[in-house]
Every structure is written in structure tokens, then in C-alpha cells.
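A quick write-up on the structure given underneath.
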Amino acid sequence: MARKSRKPGRTPGQAPEAARGERIWNAALYVRLSVEDNGRDSDSIENQTRLLEAYAAERPGLRRAALFVDNGYTGTDFQRPGYVRMMESVKRGEIDCIVVKDLSRLGRDYIATSQFIERLCPLLGLRFIAVNDGLDTLTMTGEGRLSASLSNIINDYYARDISRKVTTALHARMERGEFVANYAPYGYERDPEDRSRLAVCAETAPVVRQIFAWRAEGGSYMGICRRLNAAGVPSPGEARLARGIGTRGRKPETILWNRHVLTEMLANPVYIGRLVQRKQSRCLYAGIPAHVTEEAERFVTQDAHPPIVDEALFARVQALNGAQRQRAKAGAGRYAHLPAANNIYGRRLVCARCGRAMKLHRSFSKDRDRAYFMFKCPTYAEHGAAGCRDVKIRKAELDAAVLESIRAQLAAFARLRTQAEERSAPPVPARRAAETRLRDVRAQLSALYAALKEGDVSKDAYERQRETLSGELRALEAQMKTPERAALEAEPAMPDGPGWEAVLARFADEGEVSAGMVEALVERMELQEDGTLSIRFRFRDALEALRGADGGGAA
């Protein structure tokens, strides 16, 4: 089967190389502004864009192909929408050069940024330019690499220093009873006279009171949701969307009331004037990941703002919620003798229509002697056709389909690797002769260096002989490493896991799909209403590299 070229910079529609033979690079201009950068004019989105546009325009070898912007995203996290979209363009071959104002715009994590420059750029054939740092991977020397490493360390230290200062300031504000979250809870708004305090919202507070009243009367979560959605009452998410708050990365679509929103609202003491903050926490400078805090770690302020419901109504609702939880717990015990099942796919398995993670449901036979498991779209389960479609699949069918796809993926790797290794192995006599000569040259280089140290040869003579021997050494190493073998050895590894060779060895003989197998091999799974399942695997680039080495044969 014929295959299109995957060489960087030669995508369809690309401008031809310059008349003088200079390569034309398809450049992505990347701009990032975090919260801590706000107020510094030199780092504004507009100024960064202007600088990069001018830089690209002055260089005939750069063709401005795209602009990617992340506004309000920290440099310590690489899961930014603009950055992710840019790297997808790189993987598709649309971009082969990235230009940023300085290294801190790419990221402030020393390890991740260094790996990007030292490993990812060579692997993808990607050129990286940091304008103000004078860094260009196309011409970077050893001194430049050292400078880049020092800049990365400084940026990482800066991010941790900012984290320490921000954390200290936030804790001080919480202790004073100031509201520090990004947006006010539903039913409240920020007090226009004191933005650190909450004020009752005349528009949404009556809805909160009605919800508590319905619940106190025995209304179910889903019953209340249906009443609110039928009446067209905007949900908290919809209300924020209308005001342009908390919409980062969201599509402009209707957001319905759901059980999760009501569960949180009906248990939140904010509605009786009690402010509880730091329910979740993370600390960059101390290396503490995001986690739910213990009660003792939280900041609680009594009478921090006017209440929306009285304490007696709030207490009745809490008692009803607790009783319902106890009944549900007791009811679950009736099926304790039947098997349970873990959702090994987690957030990787989503409804292709609404994008929400599919949920695993357990049902039982009439005689309570058998359990059945099915993945269902949670939006449809909560809202019916008003929210989504009846997207579902039996767990057994899904497991079988995923296992079959994974086996096909592993078989393709194994077959292509074997074919590439067979082609890459030179004739045995020639290989043995090359190996012998390689050992001799390395020994001569060692002896030459020892002679220099002993004063037996001059420095000039040493340099001339070393250059000759080094050239022969490189030629021999190239002879031993054919393009196919080089492609195999350069295969990419997952960010936090083993390469595909180790994965192949680990799961080649697995008889059933497992959580470890899904974690290692699967990026995302989408289920359509008609039962069609699409799977996006990890190591796509490695598999394509092997296919390319195989001359384009189908897997």
C-alpha cells in the first residue's frame, strides 16, 4: 500500500523550499499567560503575540502556520488546551517548529521542560525556538544546552516561590473569613462593596430555598432535578456560563440540573452563613499533590455572610440525607453475596455524543441469584432524551471488544518488530568484521588519550589522530545501526511508564483485559449510540515508525 511521506515540514499545501535551498519550517507561535503574570505588560498575550509575529516575519525560513494561546494557565501543568492542540498538530505533521517568547512560556517545570527539549524535539523532528533566551534547537551547542538547563531550573524555582507566597497569602485571607474561591456559590454573588464577602443573590436565592423546601418534604434528588429542568430554571453551570464565569474549555450548550449538583448544594453549610474553605488542597512548593483535606485542615468561619435558609430547615434536610444514605447502605447488603465489578476504564471510556465518562451499573435477576453489568451514559440515565441518547453496552461485550483490539495492536507491534529486525541485521561475516574493527578503534582512542596524558604525543598530533579515528568510529557505528534498527531504538516512551517493548513483553500472553493493560495501552475510548466503539491507543507514533520501516505494509 502506498503511503504519504511523514517527514517533518513536508505536509500537503506547504510552501516549497526557498530558492537558495533553505528549508521552510511550519512554525507554531505559542503564547501563555498565567494568573501570576497578569499586570506585567511585557508578558501580556498581545505583547507576546506581537513579538513572535515580528520574529517570524523577519525570517524567510519560518512560515507562520498557527497561533496557539493559553490564557490563565499555570506553567507547572502541561495539560493546557492550547498546548495540547499544538502538540496534536505536531503529531499530525502540520507543525515542525514551535516559537515562544522565552522558556518560561513553554513551562516552569524543570524536568518536563528539559525532557521536551532534550527528548521530545529530536524524537519528533521538532525545532524549538525561545526568542528572548536565544535558544534554537537547530543550532544549539553544548553551551546552549547548559544555558537552557539553568533557565529551566530558575523557572522551576520561580514557580515554587510563587506557590509558597500565594499559599501563605490565601491561608491568611481564609483565616480572616474572606471568600477566596473563583466564583460565588449558586444563590450568592460577590458583595459589590467588599469583593471578599458574599451577598445574597436576589435572582437565584429563591431557587435555593425552594430546593431545600422540596427536599425537606421528601422530594428525591432526581425528582427535584426533573422539576427544575421542566420549569426551565438555569442550573448553576448554566448561570455561570451566561455570565462568562468558569467556562474555560466548555462548549456553549445547555447544562441541566443533575444529582451531583443537588447532592453538593443540599449538604453545603454556606447556605446557613457558614463558610468552609480549603476542602481540597495542593502545594507545589512542598510537593503535595491535589487531595481532599481532613476536617481539621479546613478554615471554617461562622456567620461569614447572610444565610439563605434557616438552620432548622438545613438540619431537617441533613437528617433526611443521612437516613437515605443508611437505607441505601442497608439495601446494598442484600446483594453482598453477588459479585461486584470495578470500572477498569475510568474516564477513558466516554459517550461519543455528550463526552461524559460512561458509568458502570449493576442490575440483578428477579431471584437475586445473578448480577449483570452494563456501561451507560450518565447524562441519559439522569435526564433521558432531553440530555443525551441511550448509549450503553454490556461490560462483557466491551471487555471482549477491547481485548480483541489490544491483541491486534500487540500483534502488529510484534510482527513489524520482527520484520524490521530481520532486515536490519547485516550479513554475519560483515557484522563480525565490523564489530572487531569497532573494538580496535575504541582501544586505539583510549591508548591515544593515555599517550597524550603521558606526554608521548603532542596535542596537535593527538587532535589529528583523534579526529581520524572518531570519523571511522562513527562510520562503523552507523554501519552497525541501520535506519530500521535506529527507528526501533528511538521509539517513544510514555511520560510516566515503560516503552512499548516492555508493554509488549508484559501483556502479550494476557487472557483477559485488565486495568494495567488499559492503563498502559489505551488513551481514550468513545462509544456511539449504535454500539460502535472507537479506541485511541498509546504508542501510535512508535507503531507508525515501525510501519514506515516496513515499507508501508498494513498491520
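The values are calculated or read from the model by the stated rules, or taken from the named source; none is laboratory data. The structure presented is a predicted model; accordingly, all values stated were derived computationally and were not measured. Cβ sites come from the backbone with ideal geometry, for glycine too, and all protein chains shown count toward neighbours. Remember, those area values only see protein heavy atoms, side chains included, never the ligands or the DNA or RNA. Shrake-Rupley method; radii C 1.70, N 1.55, O 1.52, S 1.80 Å.
Numbers below:
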| quantity | calculated |
| --- | --- |
| Condition check for Arg389: in a loop (DSSP other than H, G, I, E, B), surrounded by 13 or more Cβ atoms within 10 Å (Cβ to Cβ) and of a type in the set (D, E, K, R) | yes |
| Among residues of the stretch 83-104, those that are touching a strand residue (DSSP E or B) at 6+ places or on another chain (Cβ under 8 Å), modelled with pLDDT of 85 or more and part of a helix (DSSP H, G or I), counted | 5 |
| Cross-chain or 6+ apart pairs with Cβ under 7 Å, the stretch 264-278 first and assigned to a helix (DSSP H, G or I), then among the small types (Gly, Ala, Ser) | Tyr271/Gly187 |
| Condition broken by Val441, with the remaining ones in (1) open to solvent by 80 Å² or more (accessible area, probe 1.4 Å); (2) at pLDDT 70 or above; (3) more than 20 Å from Leu521 (Cα to Cα) satisfied | (1) |
| Criterion: surrounded by fewer than 19 Cβ atoms within 10 Å (Cβ to Cβ), in contact with a Pro (Cβ under 9 Å, 6 or more places away or on another chain) and at pLDDT below 80 - qualifying residue of Arg145, Arg119 | Arg119 |
| Restricting the stretch 299-331 to residues that are part of a helix (DSSP H, G or I), among the aliphatic types (A, V, I, L, M) and modelled with pLDDT under 90, the residue that is nearest to Gly273 (Cα to Cα) | Ala323 |
| Candidate set: the stretch 246-260, residues that are modelled with pLDDT under 75 and open to solvent by 50 Å² or more (accessible area, probe 1.4 Å); chosen: the one nearest to the chain's Cα centre (by Cα) | Gly249 |
| Some residue of the stretch 177-184 being out of contact with any Leu (no Cβ under 9 Å at 6 or more places or on another chain), surrounded by fewer than 17 Cβ atoms within 10 Å (Cβ to Cβ) and closer than 23 Å to Leu313 by Cβ | no |
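Conditions (1) over 20 Å from Leu124 (Cβ atoms); (2) open to solvent by less than 20 Å² (accessible area, probe 1.4 Å), marked per residue:
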| residue | (1), (2) |
| --- | --- |
| Arg63 | no, no |
| Tyr73 | yes, no |
| Arg80 | no, yes |
| Arg85 | no, no |
| Leu103 | no, yes |
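Here is a yes/no grid of residues against (1) at negative phi; (2) hydroxyl-bearing (Ser, Thr, Tyr); (3) at pLDDT below 65:
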position: Met494; (1), (2), (3): yes, no, yes
position: Gly499; (1), (2), (3): yes, no, yes
position: Val503; (1), (2), (3): yes, no, no
position: Ser514; (1), (2), (3): yes, yes, no
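Condition check ((1) of a type outside the set (D, E, K, R); (2) at pLDDT 70 or above; (3) closer than 22 Å to Arg85 by Cβ) across all residues:
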position: Thr11; (1), (2), (3): yes, no, yes
position: Pro16; (1), (2), (3): yes, no, no
position: Ala19; (1), (2), (3): yes, no, no
position: Ala27; (1), (2), (3): yes, yes, yes
position: Leu33; (1), (2), (3): yes, yes, yes
position: Glu36; (1), (2), (3): no, no, no
position: Asp43; (1), (2), (3): no, no, yes
position: Thr49; (1), (2), (3): yes, yes, yes
position: Gly61; (1), (2), (3): yes, yes, no
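Results for (1) farther than 15 Å from Gly531 by Cβ; (2) open to solvent by less than 40 Å² (accessible area, probe 1.4 Å); (3) within 22 Å of the chain's Cα centre (by Cα), shown as yes or no for each residue.
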| site | (1), (2), (3) |
| --- | --- |
| Asn342 | yes, no, no |
| Arg347 | yes, no, yes |
| Lys359 | yes, no, yes |
| Cys377 | no, yes, no |
| Glu382 | yes, yes, no |
